Amino acid sequence: MVNFLIFGPPGSGKGTQSVKLAEKFRLVHLSTGDMLRAEIASGTDLGKRMSTIMSKGELVPDEVVIEMIAVKIDSTKGFAGFLFDGFPRTVAQTVALEKMLNDRGMKIDRMLVLDVDHDELVKRLIARAEQSGRPDDKDPAVVDNRIDVYKSKTEPIINYCREKGIYQPVNGMGSIDDIFARLAEQMKKFV
Ligand code: ADP
């Protein structure tokens with residue numbers, strides 16, 4: 001098994017690239033954002049509680065996403081590995097993920113970080129708001145808050161992973177196909 005984190009600020013293209021990469025490398029794509037939106041769509045109590053947090057651009061509690069990921073890891077068989085998208089988002093989530101994987105004889109093999117200019121991020125999120133129907137994309141104040149939360153709570157994971165020698169920056173500017181080719185080239189070294 002080989003496990004990757006795909007990492008980057010909101011609007012960096014993690015979701016778009018993850019779907020394509022998971023298919024190419026036979027990986028299971030696990031997106032906590034998608035899982036949370038599915039909870040909201042099913043109208044569960046958990047979904048209702050999380051929806052309030054997400055609509056402000058804040059992070060949901062670590063325990064909630066850690067539990068969701070644990071359930072998925074244990075119920076998935078027959079793939080080459082996992083591609084984690086939008087998880088972990090805090091250092092505490094990273095430590096929990098490492099433990100979960102280590103307990104099962106696995107590890108985080110590589111962290112791929114998409115580097116995208118701030119202006120380009122804002123441009124992509126505004127464009128996505130038109131199509132996605134995601135309420136957290138529509139309000140510019142919420143978008144700004146998500147970028148701030150990324151900087152304060154999520155970006156510290158980069159240093160944590162750099163110290164472990166698994167950090168790999170990737171240029172996230174340009175066409176979807178160009179970025180895909182850059183990511184695939186890095187991942188090929190591990191699969
Ligand atoms: P984006 O990459 O555009 O920010 P996501 O779909 O990954 O979008 O996440 C949407 C929202 O879901 C986040 O702003 C946050 O509220 C919540 N969320 C998703 N994943 C996590 C996580 N691992 N920890 C905490 N909150 C999360």
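The values are calculated or read from the model by the stated rules, or taken from the named source; none is laboratory data. This is a predicted model, so every value here is computed, not measured. We place every Cβ from the backbone using ideal geometry, glycine too, and count neighbours over all the protein chains shown. The protein model used for the area step is the full one, side chains on, heavy atoms only, and it has no ligands, DNA or RNA in it. Shrake-Rupley method; radii C 1.70, N 1.55, O 1.52, S 1.80 Å.
Values for this structure:
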{"item": "Dimensions in Å of the chain - Rg and Dmax from alpha carbons", "result": "15.9, 43"}
{"item": "Relative contact order (percent, whole number), region 1-146, Cα cutoff 8 Å, 6+ residue spacing", "result": "41 percent"}
{"item": "Solvent-accessible area per residue, Å², over the chain with all protein chains present [probe radius 1.4 Å]", "result": "50 Å²"}
{"item": "Computed accessible area, F79, all protein chains, 1.4 angstrom probe, square angstrom", "result": "100 Å²"}
{"item": "Accessible area of region 1-118 belonging to carbon and sulfur atoms, whole % at 1.4 Å probe", "result": "54 percent"}
{"item": "Scattering profile of region 1-48 at q = 0.23 Å⁻¹ [log10 I(q)/I(0), Debye over alpha-carbon scatterers]", "result": "-0.87"}
{"item": "Rg(Cα) / (2.2 N^0.38 Å) computed for region 92-191, rounded to two decimals", "result": "1.26"}
{"item": "Sequence ranges 5-17, 58-70, ranked by mean other-Cβ count within 10 angstrom, highest first", "result": "5-17, 58-70"}
{"item": "Distance histogram for region 15-108 (every C-alpha pair counted, 5 angstrom bins, percent rounded to whole numbers)", "result": "2, 13, 23, 24, 20, 12, 5, 0"}
{"item": "Two-site label geometry, A181 and M106: point separation in nm, points 7 Å out along Cα→Cβ", "result": "3.0 nm"}
{"item": "Convex hull volume per residue in cubic angstrom - Cα atoms of region 131-175", "result": "110 Å³"}
{"item": "Distance histogram for region 45-98 (every C-alpha pair counted, 5 angstrom bins, percent rounded to whole numbers)", "result": "4, 16, 26, 23, 17, 9, 4, 0"}
